[in-house]
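K.L.:
Handing you a structure now.
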Amino acid sequence: MKRILLTLMASISIIGCMDSISVAPKIAELGTVSNAMQLERGRAVYITSCSRCHNAIRITSITKSEWDGILPEMIEESELTISDSMAVTEYIQAVLNASASAAAQPSKSE
Amino acid sequence: MSYKIFLSVLCALFIVQSPCIATSRTSPWVYHSRTMMEGEFEYEQWVTFKTDKKNDSEYNEWRFRHELEWGVTDRLQLALYFADWRIKQTSEQEKITFRDVALEAVYQVQTPSIDQVGIAMYGEIKYGPEFLELEGKCILEWEFEQVSVLYNVTVEAEWEGDDLSETKGKLENSFSLTYQPEPSMTWGVQAVWEKEFPEWNSIGNDVVSIGPSFSWQNSNWWFSISPLFQITDVDSEPDLQVRLLFGIDF
């Protein structure tokens, strides 16, 4: 019984971690970036201000061109300051770029 | 007449409103830890229907609450319930009663996100003819991608009767689990477990109710609805309760 419980807890926490990585990756997971401070701020805006009305949406579940349409609308909904809007826009951009370049890179084992 | 004025004011506000931050509630029986942004207002309407008491086959009750919420700061929210009233039908009579007015304060201790649990503290005072109630609540909220979990623990002290001589305590635990298939909509389940302590010296029955919930929002208004079915066997408590909440932001 104890074992089942432990396994359950472990898997929940693993799933939990995986989630926070893929919904809105931490800056360290984006590879080398030049504007880490700004991206940190963008991520903070994304996971708090952008989850006021709905849960934070997995950034890579939306294509770049869809984001171009949705993001300005959502920034307006959120009544963000100009600097927060810029930070969150850069962060989303960086996540999309990182995932695009990861997809473009052939895996090393091949 | 005054009700007409009230409705016109509401409609007017609805039309002239600027873009705003909804603080939609996905679970009518459980509070969440998000508070409104500074300077935001919201009107919230509660309608609760209770029926099916085993000890009174004719029991039916409608409860209405009109509430105005205000974001004082980004973390502190005040609310005024400017009327709580009921239409209650029992085997003996049918009557409409004005129950109370109430003042509520919610303080967000920690903002919920995928990185951390949301925490809020809630206090409320209700006052009416022959009625006084104090309520304290601790609210926890977890966010996992499309799933949210809410937990509230509530302690209540109530004084009722001619000279407020009848007292009782109440302890309530409530849970909600919701799934958001798309940003404007959630499905979920909710459960409420209540226990009363009449005169603070005896222990009442456990009453547990559970049921599904649904919520929908757009940028200016939202609603959530949930029926709760009693799964314990307490004759003096309704077996079915349905609550509809809707909010308009301005």
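The values are calculated or read from the model by the stated rules, or taken from the named source; none is laboratory data. Since the model is a prediction, treat every value here as computed from it, not as a measurement. Here the Cβ positions follow ideal geometry from the backbone for every residue, glycine too, while neighbour counts run over all protein chains shown. Remember, those area values only see protein heavy atoms, side chains included, never the ligands or the DNA or RNA. Shrake-Rupley method; radii C 1.70, N 1.55, O 1.52, S 1.80 Å.
K.L.:
Could you tell me which of the pairs B:Lys88/B:Lys168; B:Lys50/B:Lys95; B:Lys95/B:Lys137; A:Lys26/B:Lys137 are separated by over 26 angstrom between their Cα atoms in the structure shown?
P.N.:
Distance filter (> 26 Å) returns B:Lys95/B:Lys137; A:Lys26/B:Lys137.
K.L.:
How much of the calculated P(r) for region B:2-249 lies past 33 Å, in percent of all Cα pairs?
P.N.:
18 percent
K.L.:
Are there residues in region B:137-164 whose accessible area shrinks by at least 10 Å² when all protein chains are included rather than the chain by itself, and which are they (probe 1.4 Å, ligands and nucleic acids not counted)?
P.N.:
Those are B:Glu143, B:Phe144, B:Glu145, B:Ser148, which lose 10 Å² or more relative to the chain on its own.
K.L.:
Per DSSP helix of 4 or more residues, -39500 (n - 2.57); summed, then divided by the residues of chain B. What does that give at 222 nm, rounded to the nearest 500?
P.N.:
-2000 deg cm²/dmol
K.L.:
Also, quick follow-up: With a 1.4 Å probe, what is the total accessible area buried between chains B and A, in Å² rounded to the nearest 100?
P.N.:
Chains B and A together bury approximately 1900 Å².
K.L.:
Hey, got the average number of other protein chain Cβ atoms within 10 angstrom for residues in A:78-89?
P.N.:
1
K.L.:
If you don't mind, another one. Considering only protein heavy atoms and a probe of 1.4 Å, how much of the accessible area of chain B is carbon and sulfur, as a whole percent?
P.N.:
Whole-percent figure for carbon plus sulfur exposure: 62.
K.L.:
Just how far, in whole angstrom, is region B:102-180 from region A:37-84 if you go by their alpha carbon centroids?
P.N.:
For region A:37-84 versus region B:102-180, the Cα centre distance is 30 Å.
K.L.:
Can you work out ³J(HN,Hα) from phi for every residue in region B:228-233, in order, using Karplus 6.51 cos²θ - 1.76 cosθ + 1.60 and θ = phi - 60°, giving whole Hz and x for Gly and Pro?
P.N.:
Values per residue, Gly and Pro as x: 10, 10, 6, 9, 8, 10 Hz.
K.L.:
Over all distinct alpha-carbon pairs, what is the Kirkwood Rh of the protein assembly as shown in angstrom?
P.N.:
Across the protein assembly as shown, the inverse of the average 1/r is 22.7 Å.
K.L.:
Moving on. Could you state the angle between the C-alpha long axis of helix B:2-16 and the longest principal axis of the C-alpha atoms of chain B, as a value from 0 to 90 degrees rounded to the nearest 10?
P.N.:
Helix B:2-16 and the main axis of chain B meet at about 20 degrees.
K.L.:
Non-local amide H neighbours of B:Arg34 (under 5 Å, H modeled in plane, Pro and chain starts lacking H): which ones?
P.N.:
none
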